[in-house]
1. Mind telling me which of the residues Pro94, Pro120 ends up being within 30 Å of Arg269 (Cα to Cα) and not in a helix (DSSP H, G or I)?
2. Looking at (1) touching a Lys or Arg at 6+ places or on another chain (Cβ under 8 Å); (2) at pLDDT below 90, can you tell me which one Arg231 breaks?
3. Got at least one residue in segment 226-235 being closer than 25 Å to Leu262 by Cβ and without any contact (Cβ under 8 Å) to a residue 40 or more places away in the chain?
4. Yes or no: segment 238-259 includes at least one residue that is among the charged types (D, E, K, R) and either at positive phi or assigned to a loop (DSSP other than H, G, I, E, B) (or both).
5. Can you find even one residue in segment 92-112 that is more than 29 Å from Glu67 (Cβ to Cβ), in contact with a Lys or Arg (Cβ under 7 Å, 6 or more places away or on another chain) and either modelled with pLDDT under 95 or not charged (D, E, K, R) (or both)?
6. Is it the case that Gly155 is crowded, with 20+ Cβ neighbours inside 10 Å, assigned to a loop (DSSP other than H, G, I, E, B) and out of contact with any His (no Cβ under 7 Å at 6 or more places or on another chain)?
7. Report whether or not Val179 is assigned by TED's automatic domain parsing to the domain that holds Glu163, assigned to a loop (DSSP other than H, G, I, E, B), surrounded by 15 or more Cβ atoms within 10 Å (Cβ to Cβ) and in contact with a Leu (Cβ under 8 Å, 6 or more places away or on another chain).
8. Do you know which residues across segment 64-91 are assigned to a loop (DSSP other than H, G, I, E, B) and either out of contact with any Phe, Trp or Tyr (no Cβ under 8 Å at 6 or more places or on another chain) or farther than 23 Å from Leu225 by Cβ (or both)?
Amino acid sequence: MALALPPWRPGVSLEELAVALDHAGRGKPHRALQAGTVYTPVGLLRRALLVEADGERYLVVLTASPEATQAAEVILPRALTAAGLEVRLAVWGPAAGSKTEPRASAVLDTQSPGLLLSPPFLPGEYALWWNPGGEVFPYTRAREVWEAWVGLVAGREKEAVLELVKLLGAPDLDLEGPVPQEVLLPLATENGTPVLLNYREGRPPRLHFRQESDPQEALAAVANLTRLLRRQLLHRPALPEARARTLAWWRGVVREGEEKLLETVGRVRIDRQERGKACG
């Protein structure tokens, strides 16, 4: 069953669209899961709604130009299918039309990391991945996303940390001095989901999420950041010994996931004194 969208008209804000959807769905079970910024495997949608209705999820994208509509209709279905996301796409805007090849930047914010500094630390447990129940980590979408991240930063760990600090604007870290042996920063997605940036010498920088985080939002944040860092890191040579060490560590993580049913990968605990202790 398709989501009942009101007729499009120019100049309608995201808030007005949300109200219109609420009226159109009156009497039917539905709820907005995310609004404003929605994380996708290829970047951040700035004017979108993630809605659950009739037991299905819909990604409603509000566009303002024929070029943006065309980009949304061509690029987003491919990305959602490639990521294996069970969500239906609905584009709400002027009719598609452009003589040029659709560009992701017409519909996505392709510049923002999608993460913000968000002190203080929120005590509790975080992990790279939480098992929702019965999944085998090596055969999940999470393994694919993290493997792309590890493959990018392996042998370039220190450069990756500096680029991350630069992107996030961390005020207490000196970009001109040596890279600290440990970095732990409290972050959040733009939707308020708590995230940790964790780095210690001998391991790649990693992002950790709380168990209650939306798994798709967490993976989309990692995928988006991987895409941004790729521009800065791929032209820099990787240190062979460091790369071999990081890839060996990752192979060990995957192998452990093949041998046992993991509940988490890369668990980190934050205590009330705002100190992080890596547990995986």
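1. Values: Pro94 fails: within 30 Å of Arg269 (Cα to Cα).
Going through Pro94, Pro120 in turn, the sole match is Pro120.
2. Failing condition for Arg231: (1).
3. Taking segment 226-235 first, the residues closer than 25 Å to Leu262 by Cβ are 226.
After this cut, where a residue has to be without any contact (Cβ under 8 Å) to a residue 40 or more places away in the chain as well, the list is none.
The answer is no, given that none of the residues of segment 226-235 is closer than 25 Å to Leu262 by Cβ and without any contact (Cβ under 8 Å) to a residue 40 or more places away in the chain.
4. Step one: of segment 238-259, the residues among the charged types (D, E, K, R) are 241, 243, 245, 251, 255-256, 258-259.
Now restrict to residues that are either at positive phi or assigned to a loop (DSSP other than H, G, I, E, B) (or both): none.
The answer is no, given that none of the residues of segment 238-259 is among the charged types (D, E, K, R) and either at positive phi or assigned to a loop (DSSP other than H, G, I, E, B) (or both).
5. Here is the first cut: in segment 92-112, the ones more than 29 Å from Glu67 (Cβ to Cβ) are none.
Looking through segment 92-112, none of the residues is more than 29 Å from Glu67 (Cβ to Cβ), in contact with a Lys or Arg (Cβ under 7 Å, 6 or more places away or on another chain) and either modelled with pLDDT under 95 or not charged (D, E, K, R) (or both).
6. On the way: crowded, with 20+ Cβ neighbours inside 10 Å: yes; assigned to a loop (DSSP other than H, G, I, E, B): yes; out of contact with any His (no Cβ under 7 Å at 6 or more places or on another chain): yes.
Considered against the rule, which asks whether it is crowded, with 20+ Cβ neighbours inside 10 Å, assigned to a loop (DSSP other than H, G, I, E, B) and out of contact with any His (no Cβ under 7 Å at 6 or more places or on another chain), Gly155 comes out as yes.
7. Working: assigned by TED's automatic domain parsing to the domain that holds Glu163: yes; assigned to a loop (DSSP other than H, G, I, E, B): yes; surrounded by 15 or more Cβ atoms within 10 Å (Cβ to Cβ): yes; in contact with a Leu (Cβ under 8 Å, 6 or more places away or on another chain): yes.
Spelling it out, Val179 is indeed assigned by TED's automatic domain parsing to the domain that holds Glu163, assigned to a loop (DSSP other than H, G, I, E, B), surrounded by 15 or more Cβ atoms within 10 Å (Cβ to Cβ) and in contact with a Leu (Cβ under 8 Å, 6 or more places away or on another chain).
8. To start, the set of residues in segment 64-91 that are assigned to a loop (DSSP other than H, G, I, E, B) comprises 64-65, 83-87.
Ala64, Ser65, Ala83, Gly84, Leu85, Glu86, listed by residue number.
The values are calculated or read from the model by the stated rules, or taken from the named source; none is laboratory data. Because the structure is predicted, anything quoted here is derived from the model rather than measured. With ideal geometry, Cβ positions are generated from the backbone for all residues, glycine too; neighbour counts draw on all protein chains shown.
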